[in-house]
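The values are calculated or read from the model by the stated rules, or taken from the named source; none is laboratory data. Being a predicted model, the structure only gives us computed values, none of them experimental. Note: ideal-geometry Cβ built from the backbone for every residue, glycine included; neighbour counts use all protein chains shown. Quick note on the areas: whole protein, heavy atoms, side chains included, nothing else; ligands and nucleic acids left out. Shrake-Rupley method; radii C 1.70, N 1.55, O 1.52, S 1.80 Å.
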Amino acid sequence: MSNPQHAAVVILESVLSLALHSADVRNHTRDATLENVSSQGLAVKNGLSSAVLSLSGWVNAISQLDKTPFDDNVAARVVDGYAAAVTVYSDLMKALAEKHDILVSPTSPLAPDGAVIGQEIAAYQFVLAVYQQWLAGFVPTRLDELEAQGKLAFAAYELAAARYPAPQSSGASVQSFKAVVSDKLELPKAPATQK
């Protein structure tokens, strides 16, 4: 079954999954204290890894769908759902920035610098960008709104990324990191979309 109705169901489920995974890690992050960081730090790390793998799986599932664009009513539902998911994703990134000192404290498994968090959030942001590219092909009537949400997500990511070491420092290395992430997660390349 690869018709537009099935595609809409899959994409709406993927948006919900994105929100739920981000909320789970956000809550673990917010709950982190100096007393419980040995366990909460691990929960944050594992939650981020799980979120990245989940969203990667959805990207692969979406790449197999019928590529017929949705009508505007369905497109609006998808973009509204994505906006809600981006809000939760942004809350997660803000929480990671706010809890930095706790998450890299001496008893945390993420000490001394939280580099693993830097890697995981870079991977999450990269996969989110690929995911959004795939969504764009289904919601041509809502591209401006979709793009605006992408900018909000990236701004939130930058807030968190400023507190944790990047996976690589130079531009070429960042491209290399993205290629490794894409290859490791077997992400399909999104088709080009036009406004």
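Descriptive notes on the structure:
- Flag not set for LEU143, criterion: open to solvent by 80 Å² or more (accessible area, probe 1.4 Å) and either under 18 Å from THR87 (Cβ atoms) or at pLDDT 75 or above (or both).
- Flag for LEU65 being open to solvent by less than 40 Å² (accessible area, probe 1.4 Å), under 22 Å from LEU185 (Cβ atoms) and either charged (D, E, K, R) or outside any helix (DSSP H, G or I) (or both): yes
- Among the residues making up segment 68-98, a single one is of a type outside the set (A, V, I, L, M, F, W, C), surrounded by 16 or more Cβ atoms within 10 Å (Cβ to Cβ) and assigned to a loop (DSSP other than H, G, I, E, B): PRO69.
- Pick from segment 19-36, criterion of a type outside the set (A, V, I, L, M, F, W, C) and in contact (Cβ under 8 Å) with a residue 12 or more places away in the chain, ranking: surrounded by the most Cβ atoms within 10 Å (Cβ to Cβ): THR29
- ASP101 open to solvent by 30 Å² or more (accessible area, probe 1.4 Å), at pLDDT 95 or above, in contact with a helix residue (DSSP H, G or I) (Cβ under 7 Å, 6 or more places away or on another chain) and acidic (Asp, Glu): no
- Residue within segment 45-57 that is in contact (Cβ under 8 Å) with a residue 12 or more places away in the chain, closer than 21 Å to GLY150 by Cβ, more than 11 Å from the chain's Cα centre (by Cα) and buried (at least 16 other Cβ atoms within 10 Å of the Cβ) present: no
- Only one of the numbered conditions (1) over 29 Å from ASP183 (Cβ atoms); (2) under 18 Å from the mean Cα position of the chain (by Cα) is violated by SER90, and that is (1).
- Criterion: of a type in the set (Phe, Trp, Tyr), under 24 Å from SER39 (Cα atoms) and in contact (Cβ under 8 Å) with a residue 40 or more places away in the chain - qualifying residue of TYR131, TYR89, TYR82: TYR89
- Of the residues PHE126, PHE154, the single one that is at pLDDT 95 or above, in a helix (DSSP H, G or I) and over 19 Å from ASN27 (Cβ atoms) is PHE154.
- When THR68 is tested against (1) in contact with a Pro (Cβ under 7 Å, 6 or more places away or on another chain); (2) modelled with pLDDT of 95 or more; (3) among the β-branched types (Val, Ile, Thr), exactly one condition is not met: (2).
- Which listed residue, of LEU18, LEU48, LEU42, LEU34, is outside any helix (DSSP H, G or I) and at pLDDT 95 or above: LEU34
- Within segment 96-145, if we keep just the residues that are in contact with a Leu (Cβ under 8 Å, 6 or more places away or on another chain) and polar (S, T, N, Q), the residue that is farthest from PHE70 (Cα to Cα) turns out to be THR107.
- Residues that are under 25 Å from VAL79 (Cα atoms) and over 18 Å from the mean Cα position of the chain (by Cα) were ranked within segment 157-195; the one that is modelled with the lowest pLDDT is LYS195.
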